[in-house]
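These notes concern the structure reproduced below.
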Amino acid sequence: MHIPFALLLIGAKLASSIPSVAASDIAPSYVGYLISTFSDVEPTVKFYLSNGNDPGSYKFLNRRKAALISTVGTRAVRDVFLAVNGDRTMWYMIATDLDVKAPGFSWDKATRKGSRSIVVFSSPNLVDWSAPSLVTVEDSTAGMVWAPSAVWDEKTSQFHVFWASKHYQASDKDHTGKANQDRIRYASTADFKTFTAPTDYIAYPGTPVIDQEFQYLGTPGHFARFFKNETQSQVYQEMSTTGLFGQWKSLGPVTPQKSLEGPACFADIKNPGVYHLLLDDYKQYIPFTTMDISSGKWQKSNFPLFPSGLKHGSVTPVTQAEYEAVERRFPA
Ligand SMILES: *[C@@H]1O[C@H](CO)[C@@H](O)[C@H](O)[C@H]1NC(C)=O
């Protein structure tokens with residue numbers, strides 16, 4: 001959803017001088033979708049590019065090999081997310097720094113003494129990528145930093161970065177005691193090097209929450225957000241008409257199905273009002289679609305060609321120039 005948040009602000013700026021211009025009139029025209037993802041077998045960043053503008057059919061780029069590989073921290077990435085600024089000149093691939101195949105790995109250890117950093121690759125153009133860096137975003141009381149995502153804020157020329165974490169008492173230096181519940185945290189950054197102090201974003205009494213992502217809905221301040229409610233491992237949807245930091249209303253689980261995580265939502269580029277939602281069933285994505293996102297009701301998509309084995313990532317609409325550049329640099 002990176003661009004649209006910028007657009008609402010550009011739209012607002014223009015609106016004062018040219019009242020008839022709607023945000024959608026100045027939206028870049030998108031021709032396809034780029035999925036940034038990883039697999040359990042190979043915890044690296046992989047690109048899948050849609051065949052034309054078909055949201056259900058993709059080619060595995062870079063001859064079916066990793067596009068980006070982490071050489072920092074655990075040397076493994078999970079939960080990859082592609083962020084871009086308003087004029088599409090700063091791209092950041094961010095990811096969880098976690099290797100579930102490391103010797104002595106356990107989920108308990110991973111949440112007590114896991115990485116407090118995210119892995120960051122940067123690019124001016126989506127094809128020339130920096131070496132990875134490890135950037136600490138959390139306090140020393142945090143046990144882990146999972147599933148980062150980011151939203152560009154045109155007004156302040158920075159990204160708001162969100163992730164899931166749990167925290168131990170300051171006196172519990174070794175994180176051996178009881179932690180608070182998993183919650184969504186955030187910080188802001190202009191360069192993915194220095195961040196503001198991390199703060200709670202979603203901390204629900206009684207409900208542990210991880211894996212949060214947003215979808216801009218085309219009207220200034222209107223957003224959906226999706227997260228994993230860990231009580232029964234279901235993905236929940238909430239809506240706001242008052243911005244990211246406004247009031248949110250729950251629409252409940254997007255499907256009664258359990259054991260789902262890693263929601264990745266994207267707007268259909270040819271059918272206005274249609275949205276897609278990829279949900280990771282711990283093995284791979286299951287695609288869902290809705291014609292009315294405000295209903296919170298989603299149906300399994302009829303995507304017989306959707307590739308198997310894709311996990312928790314993000315979907316980015318791309319322009320013709322971006323589509324061609326990424327395909328040229330990382331041929332299928
Ligand atoms: C999380 O899910 C449980 C049911 O599994 C539900 O009772 C609870 O209200 C949900 N929490 C939120 C914040 O939606």
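Residue exposure proxy: His167, His222, ordered by other Cβ atoms within 10 angstrom of their Cβ from fewest to most, comes out as His222, His167.
Whole-Hz Karplus values for region 59-69 come out as 10, 7, 6, 6, 6, 6, 10, 4, 8, 9, 10 Hz, taken residue by residue from phi with 6.51 cos²θ - 1.76 cosθ + 1.60 and θ = phi - 60°; glycine and proline positions read x. The helix-based estimate of mean residue ellipticity at 222 nm for the chain, built from -39,500 (n - 2.57) per DSSP H run of four or more residues and divided by its residue count, is -3000 deg cm²/dmol to the nearest 500. Distance from the C-alpha centroid of region 75-113 to that of region 279-321: 20 Å, rounded to the whole angstrom.
For the chain, the alpha-carbon radius of gyration amounts to 0.94 times the rule-of-thumb value 2.2 N^0.38 Å expected for a compact globular protein. Would you mind checking the pairs Lys249/Lys297; Lys155/Lys297; Lys59/Lys283; Lys65/Lys228; Lys65/Lys101 and listing those with alpha carbons more than 22 angstrom apart? Those over the limit are Lys155/Lys297; Lys65/Lys228. A Förster radius of 45 Å combined with the Cβ-Cβ distance from Lys109 to Gln320 puts the calculated FRET efficiency at roughly 0.45.
Just so you know, all these numbers are worked out from the coordinates, no wet-lab data involved. Not measured: the values here are computed from a predicted model. With ideal geometry, Cβ positions are generated from the backbone for all residues, glycine too; neighbour counts draw on all protein chains shown.
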